[in-house]
Protein chains: 2
Amino acid sequence: MIINFQTSPEQYKHWRLSTEGPVATLSMDVQEDETLAEGYKLKLNSYDLGVDIELADAVQRLRFEHPEVGVVVITSLKPRIFCAGANIYMLGSSSHAFKVNFCKFTNETRCSIEDSSTHSGKKFLAALNGTASGGGYELAISCDEIYLVDDGNSAVSLPEVPLLGVLPGTGGLTRLVDKRKVRRDRADVFSTLAEGLKGKRAKEWGLIDDYFPTSKFQEGMAARIQSLIEANSHNNSAPGIKLNPLEFESGPDGREYKYVRVKLNRAQRYADLTIRGPESGLPTTPEEIQALGDAYWPLRAYRELDDALLHLRVNELETGLVCIRSEGEIDDVLAVDKTLATHQDHWLIREIVLNMARVLRRLDLTAKSFFALIELRSCFAGNVLELAIASDRTYMLNSPDKTIDVAVSDLNAGPLPMSNGLTRLRSRFLSQPDRLDEIFGLDRSFDTEDAEELGLVTFAPDDLDWEDEIRVAIEERTSLSPDALTGMEASLRFAGPETMDTKIYGRLTAWQNWIFQRPNAVGEHGALTNYGKPTQAQFDFRRT
Amino acid sequence: MIINFQTSPEQYKHWRLSTEGPVATLSMDVQEDETLAEGYKLKLNSYDLGVDIELADAVQRLRFEHPEVGVVVITSLKPRIFCAGANIYMLGSSSHAFKVNFCKFTNETRCSIEDSSTHSGKKFLAALNGTASGGGYELAISCDEIYLVDDGNSAVSLPEVPLLGVLPGTGGLTRLVDKRKVRRDRADVFSTLAEGLKGKRAKEWGLIDDYFPTSKFQEGMAARIQSLIEANSHNNSAPGIKLNPLEFESGPDGREYKYVRVKLNRAQRYADLTIRGPESGLPTTPEEIQALGDAYWPLRAYRELDDALLHLRVNELETGLVCIRSEGEIDDVLAVDKTLATHQDHWLIREIVLNMARVLRRLDLTAKSFFALIELRSCFAGNVLELAIASDRTYMLNSPDKTIDVAVSDLNAGPLPMSNGLTRLRSRFLSQPDRLDEIFGLDRSFDTEDAEELGLVTFAPDDLDWEDEIRVAIEERTSLSPDALTGMEASLRFAGPETMDTKIYGRLTAWQNWIFQRPNAVGEHGALTNYGKPTQAQFDFRRT
C-alpha cells in the first residue's frame, strides 16, 4: 500500500473545517471504518495516520488559504469525547518502522501548530468538550490554550505508561514539563494515572487553562475566542491563495513532479532527488506573487519536496540514502531569495518562507542519509544551498575547465532555522563563528576551491575521480547498519543548543523507539500486544 | 555475580597510577585474562566494566588524595596501541541491561574527568602513543587535549557504526560536534570510517590537538605538560586525605553502611534507602575537617550513597523503585551545610561538595523510580532535602500532634546542580521562578502544610491515610512497565535547558539503547553478534 499525503477539505473523512471571519473551527469526527489499513476501527475519535494527514493539511491550508483567521478552535463533534489518541489496535498491529514514522509525522503536525501560533499569529484553542486521553491530550497541549468541560466525567490523561507500557509519543511528556512547566512530581503522577485528572485539579496542576460546566462551556469558549481576537496583532484581511493538488507522474522507479524528481535505485537502496531551480524573471512584488499563487516556485517546489520526502520516508523504507542534486541557474535562485527577503513582512511571503523552513526541518528529521552532489549546471545557491548544508555530506566537482559555483543569500542567514533554533551554517561552524561573517561578507559566489576552503563542502573530487568516488561513497553508506546510521545522524545533525522541538525528536523519540522494540511493550506478553484482550501483560521487571 | 565498585591503586589490575609533583600519569595496561566475567579476553587494551571501575577510582582518588596534581596524563603501556575501546566480545555476550548499565557507568566516568577539569583545575591530557579506537578515542575526547603519535600507523577512530552496527556509546558522537565542534559533515565521515584518521588530517579536522613523530613524542608531551602546569591557577601544595575502603555489612536483604542503609523488599521489587544525618557538633574549620578526613559525614555518607546506588543499579535489576528516607536532626544537617558553604573555597571542602553533586547526578540518571518519604524524626534539610527534590515524588506525613519539618540551605541554591546546569529547585519551579526567592527568603524551616503550600512535596497524607497511601503508591509503581517508566522518568526529570551531559545521557544513550535492542545489532545475523566470526552480518535495511 502506498500512503498518499495529499488531501483537501472536500476529501476529509475525519475532520470538518469551517471559518467565520477571524475564527476557524476544526472539528474532529473520526469515522471509525475509514481506516488507512485493515484490522482496527477508529472508535472514540481515536486516530491513525490518515486522520493526522487531514489535520496536517488543515493546519497548512489555514495558513495559505485563510490569512484572515486569527483563532483556530480545535474541538470534537462526538459527545463526551474529545479524542482518545492514537488507535491502540492500529499501533499493536503496525510494524516497528510504521509506528516510528507515524509518531514522527504526528509530532511534525503538532510542531506545525506551534509554528503557526508563533510565527503566523494564529492562536490555537483546544475546546475539550469531552475526555482527551493520550494523543488527544497531546493534541490539546500543542495548542496555546486548553479548556475542559466540567461535566463530572471528562478528564485529561496520558494513560500510555500505565495502560500500554509505552510513552506518550507525540511530545506530551516534554510539553508537560517544558511548555506548560508542570512541576515534575505532578507530571510524574499525572503520567502514571490512567484515569487522568478532571477540571479543578487539572487546572490547579497547570494541565489545562480553565474549565467550565457543560451549560457554560460554549459561552466560556466564545468569551475566550473574543479576547484572543482582540489581542491578535496579526489582523489580516488579505485574501488567501488556493493550495491546489500537486501533480506528479509516478512510475516504478520514482516520481516526477514539476520541480522535483525522485529516481529510485532500489537494488542499490538509494534515491536521486533532484530539485529544479526557478525560471528566470519570476515576479518580484507580493501582488504579482499573490496572483501567481501556488504556482510560484518557492511554494510549489518546496511543497513537492515535502511530499517527496514523506513518500520516501513511509513508502520507500529500504531506501537508506538520498543523493540531492539541483539543476538550474544560480542567479535565478538568488533572484527569488532576494524577493523573499525583501518582502518577508508580507503575509504570503512570510508563509512561503516559513513553509520552506518547515520542509527543511522535515529533511533534518528524516531517518535517511543525505549526500548533496554539486555538479555542472547545478544551482546550489541560497535556499537550494540550504539542502546541501542540511545534508550529511556534500561532494562538489572540481572541474579543471568549467567553473561550478555555489552562493549564499539572506535566506541562509536566519529565516530557515533548524529545530535547534540556529541556522544550518551557524550549526556547521560552531567552532568558527567568524566564518559566517567571512562567507556573508564576500558578496560573491564561490567556485569549488573557494567552497572547500570555506568549509562549505566536504570533498571536492576532480573529473577523473568523481564517478568512482561517488559510487564508492554510495556503496559504502548503503552497506552500513541502517539503525546505527539513524542513531548517528540524529546525534551529529543537532550540535549546539536543544529546544523543546529537538528534545521531542531526539530524547523523547529515541526513548519511545527503544520502548517500541522492547518485549514488555510489543512481545507476546507485552502491554501493547495484550491491550483489550482477556490476557494480561506480563513484564520482565529488570530495570534498564 | 555481585559487582563490586570499590577498589584502590594497590588492587588495580589494569591501570598504573603514579604522581610526580604536579603531574600524575595514569597508564593503561589491561591484563587480558583479568576479566569481570567469562568468555572474552581483554586484548589490545580493550576494556570491560572492571577496567572502568579502576579508572573511575583513580580519577576520584586524584581529587582527594592528590590536590597537588594539576595535570593528569592518560597513556598506555602497550606498544602501538592506546586503547581499543569496550571489548566487543564482552558486549556481544552481555545482557541488554548489562550493556546499558556498562555504558552509563563509563559515561559517568568520562563526565567525572571533565568535572575534575572544570571544577578542580586538573587538566587531562591524552597521550596517544598508539591507536585509539572506539571507546579508546572516546576516553581521549573526554580529556582536555589529545596528542597522537605519528608513526605511520597510529590513528584515532570510531569504528562502531561501520564495524559493529552500534553507536560509539560513551559520548563520542556528542563530544565530536558539541565539545570539539568538529564540522558535522566531517564528523559523519569520521564516524563511518573504520580505519579512522592519522595525525595530519586528524589535526586538520579537529579530532586531535597535535601529533608528533615517535622520536619527538615524549618531548612534545613534556613541553605540553610544562605549559599546562605553568598555566594552572589551582596551584595547591596542601596534603590530600586518604579515601579508605567503605565498610558495610551485607545480608540477603540489603546492606548496612555507617550512614546509609539499603533494605531490599525483593518480592515487592522496591528498596528502602535510608540516609542517617550527621552527628551534632561536627568540626567547622577546614583544618579540623582535613584531620577528620574521609570519616567526615558529607564525604562518607555520599560515598556510601554512591556505592549503594551503583549496587542497586547493577546488582538489583528487578528493584524498580527506591523509597528514600532520612533519620536525624535537621539542625545537624544545616550546621554541616553552613560549614560547607562558608568554606567552599578551601580545596577539600570544594571537593567534598563537588562529590555530593556528582552522587546526586548519579541518582538523577539512575533508571529506577525514587519516592521520598518524609516522616517523623527525618532530617530532610539542605543537602538531604536535595534527595527529596531529586525524587520523582515526595510524600510528607501530615501529623496532627507532631511537627515534621523540612528546610533549605545554601547548598540547595547552587552548589549541587543537575546535569542540565540548573539547581533541582530551579528545575522544579520553572514556571514560578519567584518561588525560589520566597523559599530562600523565609529563613525558617517548613512544616508539612508549609511544604505542601510551597510546592516542595507532592502529597501530604495524614496519619490515618499514610500507610495505605504509601503502600498503594508503591504497589502501583512497581506494577508498571519498567521500560516505560525509564523512558518517562528520563523525559520528566530534565526539564529546561540541555547541556552536553544531558545530550549524552538523554539523546545519545536512548538511541544507543534502541540500537542495542535491534536485530541488526544483536540478532542472530546482527553486526555485534557476528563480529570476529567467519559469518557476516545481514541487515534488514528498512530505515526507521
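Helix A:330-342 versus the longest principal axis of chain A: what angle, 0 to 90°, nearest 10, using Cα atoms? Once rounded, the angle reads 40 degrees.
The length gained on full extension between A:Ser250 and A:Thr284, counted as 0.36 nm times the residue separation minus their Cα-Cα distance, comes to 9.0 nm. Spin-label model, B:Gln218/A:Asn315: points 7 Å from Cα along the beta carbon direction are separated by 6.8 nm. Stretching B:Arg80 away from B:Gln536 to a fully extended chain increases their span by 161.3 nm, per 0.36 nm per residue minus the current alpha-carbon distance. Considered as an equivalent ellipsoid built on the Cα gyration tensor, the range B:145-192 has semi-axes of 18, 15, 10 Å, the largest given first. When only Cα pairs below 8 angstrom with a gap of at least 6 residues are kept, the range A:206-318 shows a relative contact order of 19 percent.
Sorting the segments A:293-299, B:66-72 by their residues' average number of neighbouring beta-carbon atoms within 10 angstrom, most packed first, yields B:66-72, A:293-299. If the chain linking A:Glu438 and A:His119 were pulled fully straight, counting 0.36 nm for each residue of separation and taking away their Cα-Cα distance, it would gain 111.9 nm.
Quote the FRET efficiency, to the nearest 0.05, computed for B:Ala238 versus A:Glu327 with a Förster distance R0 of 51 Å and r equal to the Cβ-Cβ distance. Calculated value: 0.15. Distance between the C-alpha centers of the range B:158-199 and the range B:266-316? Whole Å please. A separation of 38 Å, based on Cα centres. Across all C-alpha atoms in the range B:65-116, the radius of gyration and Dmax reach 14.8, 42 Å. Under the classification rounded if a/c is under 1.5, otherwise prolate if a/b is larger than b/c and oblate if not, where does the range B:417-497 fall, given a ≥ b ≥ c as square roots of the Cα gyration tensor eigenvalues? Taking the square roots of the gyration eigenvalues as a ≥ b ≥ c, the range B:417-497 is oblate. Rounded, prolate or oblate: which fits the range A:309-382, taking a ≥ b ≥ c as square roots of the Cα gyration tensor eigenvalues, rounded meaning a/c under 1.5, else prolate when a/b beats b/c? In terms of gyration-tensor shape, oblate.
Computed over the range B:454-544, relative contact order equals 11 percent, with contacts defined as Cα pairs under 8 Å that lie 6+ residues apart. Overall, the anisotropy analysis places the protein assembly as shown in the oblate class: the square-rooted eigenvalues a ≥ b ≥ c of its C-alpha gyration tensor yield a/c not less than 1.5, with a/b not exceeding b/c.
Mean residue ellipticity, 222 nm, helices only, chain B: the sum of -39500 (n - 2.57) across DSSP H runs of n ≥ 4, divided by residue count and rounded to 500, is -12000 deg cm²/dmol. In terms of overall dimensions, the C-alpha atoms belonging to the range B:296-348 reach 42, 26, 14 Å along their principal axes, ordered largest to smallest.
Shape index of the range A:164-242: Rg/Rh, with Rg the Cα radius of gyration and Rh the Kirkwood radius from the inverse mean 1/r over Cα pairs, equals 1.11. The simple spin-label model puts a point 7 Å past each Cα toward its Cβ; for A:Gln6 and A:Glu204 those points are separated by 5.3 nm. Relative to the longest principal axis of the Cα atoms of chain A, the long axis of helix A:96-120 makes an angle of roughly 90 degrees. Distances between copies of A:Gln31, taken at a point 7 Å out from Cα along the Cα→Cβ vector and listed shortest first: 7.4 nm.
What whole number of Å gives the distance from the Cα centroid of the range A:49-120 to the Cα centroid of the range B:1-77? Using only Cα atoms, the two centres lie 53 Å from each other. With each label modelled as a point 7 angstrom along the Cα→C-beta vector, the A:Arg16-B:Asp401 pair spans 6.4 nm. Take B:Glu219, push a point 7 Å out from Cα through the beta-carbon direction, and compare it with the same point in every other copy: 9.1 nm, smallest first.
Both radii were evaluated on the Cα set of the range B:1-159; the Rg over Rh quotient, with Rh as the Kirkwood radius, amounts to 0.94.
Rg and Dmax over the alpha-carbon atoms of the range B:1-59 stand at 12.0, 41 Å.
Counting, for every residue in B:516-528, the Cβ atoms of other protein chains within 10 Å of its Cβ and taking the mean gives 3.
Kirkwood analysis of the Cα pair distances in the range B:208-352 returns a hydrodynamic radius of 18.5 Å. Tell me, what is the FRET efficiency for B:Asp410 and A:His96 to the nearest 0.05, using R0 = 41 angstrom and their Cβ-Cβ distance as r? Working from the Cβ atoms, E equals 0.25. Taking amide H atoms as placed 1.01 Å from N in the peptide plane, the amide H of A:Ser369 lies under 5 Å from those of A:Leu321, A:Val322, each 5 or more residues away in sequence or on another chain.
Counting Lys and Arg as +1 and Asp and Glu as -1 over every other residue whose Cβ lies under 12 Å from the Cβ of B:Arg261, the net charge comes to -1. Rounded to two decimals, the Cα radius of gyration of chain A over 2.2 N^0.38 Å is 0.99.
Electrostatic tally near A:Leu354: other residues with Cβ closer than 11 Å to its Cβ, Lys and Arg +1, Asp and Glu -1, net +2. Checking the Cα-Cα distances for B:Lys41/B:Lys99; A:Lys43/A:Lys99; B:Lys78/B:Lys503; A:Lys181/A:Lys203; B:Lys43/B:Lys99 against a 23 Å cut-off, the pairs over it are B:Lys78/B:Lys503. When restricted to Cα atoms, the range A:84-194 yields an Rg and a Dmax of 14.0, 40 Å, respectively. Taken one residue at a time, the phi angles of the range B:221-229 give Karplus couplings (6.51, -1.76, 1.60, θ = phi - 60°) of 4, 4, 5, 5, 4, 4, 6, 5, 5 Hz. Gly and Pro are set to x.
Note on the range A:429-544: with charges restricted to the Cβ of Lys and Arg (+1) and Asp and Glu (-1), its dipole about the Cα centre is near 1780 debye.
For the range A:398-534, averaging the sequence separation of C-alpha pairs within contact (under 8 Å, six or more residues apart) and dividing by the residue count gives a relative contact order of 25 percent. Across the range B:489-504, rounded Karplus estimates of 3J(HN,Hα) from the backbone phi angles (6.51 cos²θ - 1.76 cosθ + 1.60, θ = phi - 60°) give 5, 5, 8, 7, 6, 10, 5, x, x, 10, 10, 4, 4, 5, 5, 5 Hz, Gly and Pro being marked x. Backbone geometry of the range A:132-139 corresponds, through the Karplus equation with coefficients 6.51, -1.76 and 1.60 at θ = phi - 60°, to 3J(HN,Hα) couplings of 10, 10, x, x, x, 6, 5, 5 Hz, x marking Gly and Pro. The same position B:Lys43 in the other copies lies at 5.9 nm from this copy, comparing label points 7 Å beyond Cα toward the beta-carbon, shortest first. Taking the Cα centre of each part, how many Å lie between the range B:202-243 and the range A:388-467? Rounded to whole Å, the Cα centres lie 35 Å apart. Of all DSSP beta bridges located in the range B:367-515, what percent are antiparallel, nearest 5? Counting DSSP beta bridges with both partners in the range B:367-515, the antiparallel share is about 20 percent. Close amide H partners of B:Thr131, meaning residues 5 or more places away or on another chain with modelled amide H under 5 Å apart, are B:Ile81, B:Phe82, B:Ala155.
Only the coordinates and a few stated rules stand behind these numbers; no lab work does. Bear in mind the structure is a predicted one, so any value in this text is a computation, not a measurement. Here the Cβ is made from the backbone with ideal geometry for all residues, glycine too, and neighbour counts use every protein chain on show.
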